[in-house]
1. Show me, for the stretch 50-62, the HN-Hα J-couplings you get by feeding each phi into the Karplus relation (A = 6.51, B = -1.76, C = 1.60, θ = phi - 60°), rounded to Hz, glycine and proline as x.
2. Kindly provide the helix-only [θ] at 222 nm of the chain, computed as the sum of -39,500 (n - 2.57) over DSSP H runs of four or more divided by all residues, to the nearest 500 deg cm²/dmol?
3. Under 5 Å between amide H atoms, partner at least 5 residues away or on a different chain: which partners does Ala24 have, H built in plane at 1.01 Å?
4. Please give me the summed charge of the neighbours of Leu55: other residues whose Cβ is under 12 Å from its Cβ, Lys and Arg +1, Asp and Glu -1.
5. Using DSSP loop states and a limit of at most 12 other Cβ atoms within 10 Å to flag chymotrypsin sites (Phe, Trp or Tyr not before Pro), what is the longest stretch of the chain containing no flagged site?
6. How big is the stretch 27-162 by the Kirkwood estimate over distinct Cα pairs, in Å?
7. Which whole-number percent gives the relative contact order of the chain, counting Cα pairs below 8 Å spaced six or more residues apart?
8. Pick from Arg156, Arg128, Arg87: which residue has the top mean-square fluctuation in a GNM of the chain where Cα pairs under 10 Å get a spring?
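Values quoted throughout were computed directly from the atomic coordinates according to the rules given, and no laboratory measurement underlies them. Bear in mind the structure is a predicted one, so any value in this text is a computation, not a measurement. So basically every Cβ, Gly included, is an ideal-geometry build from the backbone, and we count neighbours across all protein chains shown.
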Amino acid sequence: MALSFVFALLIEGSVFSFFMLKKALPDIYLVMVVSLGFILDERRGAAIGLCAGLLQDIIFSSALGFFALAKMVLGYGAGLLGRELYREQLLAPTLLVFAATLLHEFLLYFLVSRLMNFGVPVEWSLSRLFIPKAFYNMALTLLLYPLFFRLYYRQRSPDGLQRRRGALR
């Protein structure tokens, strides 16, 4: 999992810059945090969100903790919703990523504008950044969620359990 986050960091910082629309870039870390939180549980979703957010803070931000706090909250919330919704269907995590992107961007907007006295009008940010980013992230979810889902449940399959039991004997 750690390697996938490092790879995602490289992709987000290089390849995705070519797909910029109105200054909005997809947030692969957010998609990964919400997808994994939805598949796993709220505790692991929060931990993944905290680690991913801290890494993003260290690499991309001048202040430590903004991305970490936002992604930790969203990873926890995705884990809670994962208990209530069908994980096998693609619609729930896709819509969840759309809503989580908007919430993530509003949380960051609030934190930056209140704590650092910096901000642009929320209407401009919503139309030029938040909504395009949410659609980008939805498209990414259509690619990444099935991959994470299959990898997680392949690991938990009965064949995998039999191999583990045999190795323990």
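1. For the stretch 50-62, the Karplus curve yields 5, 5, 5, x, 5, 4, 5, 4, 5, 7, 10, 10, 8 Hz.
2. Dividing the helical sum by the residues of the chain leaves -25000 deg cm²/dmol.
3. Excluding prolines and chain starts, which carry no amide H, there are no hits.
4. Local net charge: -1.
5. 1-85
6. About 15.2 Å for the stretch 27-162.
7. Worked out over the chain, it gives 25 percent.
8. Maximum fluctuation in the GNM of the chain, among the listed residues, is at Arg156.
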